[in-house]
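Once you've had a glance at the structure underneath, I'll fire off some questions.
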Amino acid sequence: MVEVKFHESIDDNLLKFSVIISKSNGKWVFCKHKQRKTFEIPGGHRENGESIEACARRELYEETGAVTYTLERFCDYGVVEKTGSKESFGTIVYAEIEKMADLPDSEIEKIFLSKELPECWTYPEIQPYMIDEYKRRRGS
């Protein structure tokens with residue numbers, strides 16, 4: 001059982017991931033990995049020496065091709081993989097994408113824009129809850 005917790009702020013040194021909830025022209029933006037048949041929110045691991053914002057910007061470009069956008073830090077989160085395991089932390093940002101270039105050469109096969117959320121999630125025990133929290137906090 002995976003548990004997702006939302007936090008207002010976590011110590012920056014503990015943040016290992018950045019997840020970017022994104023919209024473009026009123027539609028949600030999702031990625032499809034080349035080796036999977038499922039969809040996910042753009043995001044990934046923070047590199048050594050990288051700020052969490054730089055991680056979000058890098059991952060957003062690598063996974064969507066976004067070149068013009070606004071970025072807003074939304075909240076931090078923690079994931080506990082199983083009862084008794086250590087919580088791992090990341091940050092969630094929101095991006096309103098205005099312009100996307102071609103996808104760079106990466107693990108992402110394509111992006112998917114939709115007014116509806118996907119049915120086939122790569123991380124069904126984590127990412128739908130992130131969007132629910134986003135909607136709850138934004139009142140949408």
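The values are calculated or read from the model by the stated rules, or taken from the named source; none is laboratory data. Just so it is clear, the model here is predicted, and its values are computed rather than measured. Reconstructed Cβ throughout: ideal geometry from the backbone, glycine too, with neighbour counts over all protein chains shown. Ligands, DNA and RNA are excluded from the accessible area calculation, which covers all protein heavy atoms including side chains. Shrake-Rupley method; radii C 1.70, N 1.55, O 1.52, S 1.80 Å.
So what's the angle, to the nearest 10 degrees on a 0 to 90 scale, between helix 127-138 and the longest Cα principal axis of the chain?
For 127-138 against the chain, the angle is about 90 degrees.
Find the accessible area per residue for the chain; the probe is 1.4 Å, ligands and nucleic acids are left out, and the unit is Å².
Solvent-accessible surface per residue comes out at 57 Å².
Moving on to the next point. To test your reading of the geometry: what angle, between 0 and 90 degrees and rounded to tens, separates the Cα axis of helix 52-64 from the longest principal axis of the chain?
Relative to the chain, helix 52-64 is tipped by roughly 40 degrees.
Between Lys23 and Glu125, what length comes free when the chain is fully extended (0.36 nm per residue of separation minus the Cα-Cα distance, one decimal in nm)?
Gain on stretching Lys23 to Glu125: 34.6 nm.
Per the 1.4 Å probe, what fraction of the accessible area of the stretch 79-132, in percent, lies on carbon and sulfur atoms?
Reported share for carbon and sulfur atoms: 49 percent.
Scattering from the C-alpha atoms of the stretch 15-140 alone, worked out with Debye: what is log10 I(q)/I(0) at q = 0.12, 0.13 1/Å?
Scattering profile of the stretch 15-140, log10 relative to I(0): -0.42, -0.49.
Could I ask something else about it? Tell me the label-point distance for the pair Val67, Ser51, using the 7 Å Cα-to-Cβ offset, in nm and rounded to one decimal.
With each label point 7 Å from Cα toward Cβ, the separation is 2.3 nm.
Then there's this: Expressed as a whole percent, how much of the Cα-Cα distance distribution for the stretch 1-83 exceeds 14 Å?
It works out to 68 percent of all Cα pairs.
Now, a different point. How much length would be gained if the chain were fully extended between Asp102 and Glu87, taking 0.36 nm per residue of separation minus their Cα-Cα distance, in nm to one decimal? Don't skip to the answer; put the middle values down first.
Values: separation 15, 0.36 × 15 = 5.40 nm, distance 3.56 nm.
Length difference between fully extended and current span is 1.8 nm.
For the chain, which longest stretch is free of loop sites, where a loop site is one of the trypsin sites (Lys or Arg not before Pro) that DSSP puts outside H, G, I, E and B and that has at most 10 other Cβ atoms within 10 Å?
The reported range is 38-81.
May I pose another question? So, with +1 on the Cβ of K and R and -1 on the Cβ of D and E, and no other charges, what is the size of the charge dipole of the chain about its Cα centre, to the nearest 20 debye?
400
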